[in-house]
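Colleague: Pasting a structure below so you can have a look.
Just so it is clear, none of the values below were taken in a lab; they were calculated from the coordinates. If you're wondering where the values come from, they're calculated on a predicted model, not measured in any experiment. Counting neighbours? That spans all protein chains shown, and the Cβs are built from the backbone with ideal geometry, glycine included.
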Amino acid sequence: MKKKAILAILLLSILLFAHSFKNSKKIDHQELFARAIMDYKRNESKNYPEASKVSLKLTFYGVEEEENYTKVYVYQNFDLEDSGKNNISGSSFPLVYYFVKTDGNYTVESKKEPSDGAENFGSMQQLFPKKILKRMNSPFGFFCIKNTVRLTEEL
């Protein structure tokens, strides 16, 4: 009886994962957004003269086109290393990036991040639409390989 229950749970988990992976679709232009974010982060990295390498991992959860800008919802992992491969700065949290499009290229106009501590929950509710929060909180959200971009560059 116990083995059957465990097997049923395992099978159900596999089916849910397969269903969510099959039904997930790649975010349009995510490589262009990722390149623009890398340019933005590389510019921010100038505050760290000892930095020699920047790494960025972005998981895209959604895009909203507005009249004058595009909102992109991501979970971002960012690391700066010095020439000895020591981590000198980094971050890992969800963000909303605001882009403008000029001549077919996207540029980061600004970004917003949720508050820390006790204010985190409320600020997440304000920054991210319910459908995006649902994707982020899905047990299969981080398995969405189609919507993850990794970039590493020497500075």
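Colleague: Out of residues 5 or more away from Leu155 or on other chains, whose amide H comes under 5 Å of its own, with H placed 1.01 Å from N in the peptide plane?
Modeller: Lys53, Val54
Colleague: On a full-extension model of 0.36 nm per residue, what is the gain between Asn43 and Glu65, subtracting their alpha-carbon distance, rounded to one decimal in nm?
Modeller: 5.4 nm
Colleague: Go through Lys41/Lys111; Lys85/Lys146; Lys101/Lys134; Lys71/Lys101 and tell me which ones have a Cα-Cα distance over 18 Å in this structure.
Modeller: Lys85/Lys146; Lys101/Lys134
Colleague: Test of understanding: extend the Cα→C-beta vector of Lys111 to 7 Å, then name every residue of the stretch 54-93 with backbone N under 11 Å from that spot.
Modeller: Zone members listed by number: 56-58, 74-79, 90-93.
Colleague: Separate question: Between Val100 and Gln126, how high is the FRET efficiency from 1/(1 + (r/R0)^6) when r is the Cβ-Cβ distance and R₀ = 25 Å? Nearest 0.05.
Modeller: Step by step, r from the Cβ atoms, then E = 0.65.
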